[in-house]
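Only one structure is covered here, and it is reproduced in the block below.
Quick note: the coordinates plus some simple rules give every number you see, no bench work behind them. Note that this is a predicted model, so its numbers are computed, not measured. Note that we place each Cβ from the backbone using ideal geometry, even for glycine, and neighbour counts take in every protein chain shown.
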């Protein structure tokens, strides 16, 4: 027996892990901030906390090289043991999945590659024994596995909300996980910023602003209902507010940041889409605008009958169209529908409460949204 062992050996968890590196995907971090209301976060304090119980060796912040973010990058580089690594930014076209409008966005290039190279280098050279990764892209899954094989603990800091959701495979592969919720980030918000805002806002200003916000919320709900759309364009909302005589200081975007349930899709100022409702509530509200349309009611009744007779929740659009004609060959005239593409336009009008699959109406299928009870749409 070895008698040289100490009587009370130090537990391994008291000395391991010892050194940690924090790797931040700047694009993903911005999405997290957007999902929790754009708070001003102390990244140094957050990095130190995420690294515990290890010593934070360094934080690496990866982002695209863009003039609009230059001041942010400069500030980060002045923090203790912070390194900013910049990739390229290129402009590309994107389409909003809700309103189908095309707009231009800036997209990072080579940033993911730089992150992957840095992560593998830190792990393979044994510079650290823990890596905190703030990222959500599934492309990082292979390098996370490489780091784990090198004996490094990978701690994933992520968000599960909106566009900042993490890829399920990446979440599963991490050794440890920390969810960056609004409550978790609260202690890392710069206190002086919050205090200054409170000092400058008196009770009367708060009351007036809340009243305007309530007007905005009601206006959005009214527009969703009357226009039968899940989202609306800011220009529509602005016109609607002016018609009601509602005036406010600042920009509409700043005002919307204070709404309680807002969801702003797309960042481009000319093509932002707005809704204050979750999907189910939006669909139900839209339907209150559709239910007085007799043609929609007729289509829903036929669709309900077809679904009840079939073994699936979807039926072919061709079957729906043919059944509507067979039951009432004169339905287009009876319900004052346009003669050209009447059925297609009817589907388009009601597609917010439907599941429509296939590349076109001719090859697709249609059924009620699976999260909703189809009976509620029939009078």
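Could you calculate the contour length gain from residue 80 to residue 186, that is, 0.36 nm times the residue separation minus the distance between their Cα atoms, to one decimal place in nm?
Numbers: separation 106, 0.36 × 106 = 38.16 nm, distance 2.16 nm.
Length difference between fully extended and current span is 36.0 nm.
When the Cα atoms of the range 13-192 are aligned to their principal axes, the ranges along those axes come out at 55, 41, 28 Å in descending order. On the beta carbon distance between residue 127 and residue 92, with R0 = 41 Å, the FRET formula returns roughly 0.70. In this simple spin-label model, placing a label point 7 Å from the Cα along the Cα-to-Cβ direction at both residue 345 and residue 288 gives a separation of 2.7 nm.
Footprinting exposure proxy ranking of 155, 69, fewest other C-beta atoms within 10 angstrom first, gives 69, 155.
Could you list 73, 121 in order of exposure, starting from the residue whose Cβ has the fewest other Cβ atoms within 10 Å? Let's see the in-between values first.
Working: 73 16, 121 10.
Fewest-to-most ranking of 73, 121: 121, 73.
Computed from the Cβ-Cβ distance with R0 of 45 Å, the FRET efficiency linking residue 109 to residue 248 stands at 0.70. Rg of the Cα atoms in the range 297-367, relative to 2.2 N^0.38 Å, amounts to 1.03.
Using 0.36 nm per residue, how much length does the chain from residue 238 to residue 333 gain when fully extended, once their Cα-Cα distance is taken away? Provide the component values of the computation, followed by the final result.
Numbers: separation 95, 0.36 × 95 = 34.20 nm, distance 3.67 nm.
Gain on stretching residue 238 to residue 333: 30.5 nm.
Extension gain, residue 311 to residue 150, is 52.8 nm, computed as 0.36 nm per intervening residue step minus the present C-alpha separation.
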